[in-house]
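Written below as structure tokens is the structure these notes are about.
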Amino acid sequence: MRVLITGADGFIGKTLTAALLERGVLKNSGGHSERIDEIMLLDTALSATSDPQLTSIQADICDPHTRAKIAAWQPHSVFHLAAVLTTAAEQDPAAALAINVSSLADLIDAVGNTAAPPRFIFPSSIAVFGGLLPDNVDDDHLQKPQTSYGTHKAIAELMLADATRHGAIDARALRLPIVLVHPGPPTDSVSDRIAAIVRDSVAGRPAVCPLREDTKVPVVSVDTVVRNLITLHDADTAALRGKRALNQPALTVNMADIVDALNIVTEVAPRVSFAPDPDLKKIVDGWPKGFISTRAPSVGVVADKTFDEIIMSYQRHLGIDGKAQKQITSP
């Protein structure tokens with residue numbers, strides 16, 4: 001089996017690559033486990049690798065020559081993670097549209113195969129929802145995005161469903177809330193602004209929270225996201241109930257909950273100050289606070305149970321445990 005990962009050098013992409021290498025198999029179109037022979041990693045910048053199962057292509061997905069290579073390679077499965085995120089998309093909507101929408105159309109054309117449609121896994125976003133929202137937003141709530149990024153993701157969901165209807169691909173989309181904890185270096189993304197609270201506190205540094213203590217956000221760990229993307233890939237079509245997109249069930253926490261969890265897990269008291277950013281608040285206030293999924297249980301998609309687990313997941317990625325964390329002191 002040949003597997004393509006776009007945006008492979010990103011936060012989710014690196015975690016997904018490691019998980020697939022460790023797992024070694026995915027379900028094929030017939031629902032049977034098949035060995036992964038080769039994984040093609042595509043991104044504009046890629047970390048060096050010597051693993052013989054990995055083929056690296058450092059290139060722009062918008063480049064026709066890149067797509068020609070992909071088409072010739074004929075992947076059996078695609079994890080399309082390449083995207084321009086919320087903050088950058090607001091700053092340059094046209095450039096973001098080229099990556100988030102136009103390149104998706106071209107990629108579908110490159111890999112589509114009505115004789116043997118590849119499974120096409122796509123991380124959509126909570127940002128497809130917005131406006132006046134109920135306390136809990138389920139899979140089929142009316143989409144009303146309030147950002148360019150959310151609009152692009154909503155368009156992408158329709159494109160994937162239509163390509164699936166035509167039999168070119170077998171698309172499955174998982175709408176992600178805030179994914180934690182990005183290891184750094186710091187970025188301007190919404191998720192990273194919140195991740196920095198954990199990242200700095202675990203490192204023994206003072207942290208600045210860009211939201212009010214009582215601001216609620218829906219979150220999920222990157223490990224849970226990756227497990228669920230693979231689960232969604234392997235799910236029987238019947239479990240999707242005729243739909244091609246579902247929400248990643250989230251753990252809802254406020255900023256004070258995050259600080260409390262850090263106090264429990266790290267022992268070294270976090271030094272968190274609050275400096276609310278009105279622009280960030282505007283984005284977060286437009287998102288659902290409770291993010292649920294009626295269809296998730298039938299597919300096997302799950303949520304994190306506690307924020308403590310999310311912190312400990314991050315610690316494992318750093319190669320430390322609770323005992324080691326207690327030895328960390330501020331510089």
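Values in this text are rule-based calculations from the coordinates and carry no lab data. All values derive from a computational prediction rather than experimental measurement. All Cβ positions, even for glycine, are placed from backbone atoms using ideal geometry, and neighbour counts span all protein chains on display.
The residue among Ile99, Leu132, Pro64 whose Cα reaches farthest toward the positive pole of the charge dipole of the stretch 46-168, with charges on the beta-carbon of Lys, Arg, Asp and Glu, is Pro64.
Scattering from the chain was approximated by placing one identical point on each alpha carbon and applying the Debye formula without solvent; log10 I(q)/I(0) at 0.15 1/Å stands at -1.30.
Mind running the shape call on the stretch 25-97? Use the C-alpha gyration tensor, a ≥ b ≥ c as the square roots of the eigenvalues: rounded below 1.5 for a/c, prolate if a/b tops b/c, oblate otherwise. Prolate is the answer for the stretch 25-97, as a/c is 1.5 or above and a/b outweighs b/c. Evaluated with a Cβ-only charge set (Lys, Arg +1; Asp, Glu -1), the stretch 95-177 carries a dipole of roughly 120 debye about its Cα centre, given to the nearest 20.
Using R₀ = 35 Å, calculate the FRET efficiency as 1/(1 + (r/R₀)^6) where r is the Cβ-Cβ separation of Asp60 and Ala115; round to 0.05. The formula returns an efficiency of 0.75 here.
Our summary gives the chain a relative contact order of 17 percent, counting only alpha carbon pairs under 8 angstrom and 6 or more residues apart.
In terms of other Cβ atoms within 10 Å, Ser50, Ser77, Ser298, Ser148 run from fewest to most in the order Ser50, Ser298, Ser148, Ser77. Multiplying the residue separation of Glu90 and Ala19 by 0.36 nm and removing their Cα-Cα distance gives an extension gain of 22.4 nm. The order of Arg119, Arg241, going from fewest to most other C-beta atoms within 10 Å of their C-beta, is Arg241, Arg119. Stretching the chain fully between Ser102 and Lys281 yields a gain of 61.5 nm (0.36 nm per residue, less the alpha carbon separation).
Projected onto planes of every orientation and averaged, the convex hull of the alpha-carbon atoms in the stretch 161-246 covers 7.7 nm².
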